[in-house]
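The values are calculated or read from the model by the stated rules, or taken from the named source; none is laboratory data. None of the values given here were measured: they were computed from a predicted structure. Here Cβ is always computed from backbone atoms with ideal geometry, including for glycine, and neighbour counts include all displayed protein chains. Surface areas here come from the heavy atoms of the whole protein model, side chains and all, with no ligands, DNA or RNA. Shrake-Rupley method; radii C 1.70, N 1.55, O 1.52, S 1.80 Å.
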Amino acid sequence: MPTHRSSAIAPAPHSRRGVIGVVLLGLSLLAVLAACASPAPPGDTGSPSESATTIVGTWLVGPDEVMDTTPFLTIASDGSWTASDGCNVVRGTWEQASDGTLTTTSGPSTLIACEGKPLPSLFANATSATVDAGTLVLQDETGEVVILVAGQEPRKQITTPSTAPTN
């Protein structure tokens, strides 16, 4: 009777030396990765939630600027922002270095003609932002300064016609 050889290869038994070698290799890789990570300089966290919490909030145009719309800028601690000129809304991200330098990104916007103050573009183009006596002071690279006051983001009131029957 012919003998058949199995073509399957039996797995090699694990030895303690092999397992220890794999564990040591993994720990070595972790040590190399940790050594490559460079810590932030003292006082510079790079995160909006820690380095620039003072600019977080909702900011409005001053009461001396009378408009038919309600422009606003809301800066969130998670590094996002939302702004409106009163007609168009733009969202983006922001980051502020410990020296006050502001870096922003902005997303798309509708292009509805509006008489409001262009807070989305003013914030997107700002290179620094500071809070002074309850006001947000934005400055762009040309030196133009915009001052906003603390406030609450306006909410549109939704009104619906009454569906009650009239007699």
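Quick notes on this structure:
- For Ser80, the residues whose modelled amide H falls within less than 5 Å of its own, excluding neighbours fewer than 5 places apart on the same chain, are Trp94.
- Candidate residues Ile75, Ile147: accessible-area rank, largest first, probe 1.4 Å: Ile147, Ile75
- For region 103-119, backbone phi angles converted through the Karplus equation (6.51, -1.76, 1.60; θ = phi - 60°) give residue-by-residue couplings of 10, 10, 10, 9, x, x, 9, 6, 10, 6, 4, 8, 8, x, 6, x, 4 Hz, Gly and Pro being listed as x.
- Residue-span extension gain [Val149 to Cys87] - 0.36 nm each, minus C-alpha spacing: 20.4 nm
- Asp140, Asp78, Asp132, reordered so the largest accessible area comes first (probe 1.4 Å): Asp78, Asp132, Asp140
- Inter-probe distance in nm under a simple model that places probes 7 Å from Cα toward Cβ, at Glu115 and Met67: 1.2 nm
- Each residue was assigned an accessible area with a 1.4 Å probe, and for Glu65 the value is about 60 Å².
- Fraction of accessible area attributable to carbon and sulfur, region 52-100 (%, probe 1.4 Å): 49 percent
- Applied to region 72-79, the Karplus parametrisation 6.51 cos²θ - 1.76 cosθ + 1.60 on θ = phi - 60° returns per-residue 3J(HN,Hα) values of 8, 9, 10, 10, 9, 5, 7, x Hz, with x for Gly and Pro.
- Separation of region 112-149 and region 57-79, taken as the distance between their Cα centroids, equals 10 angstrom.
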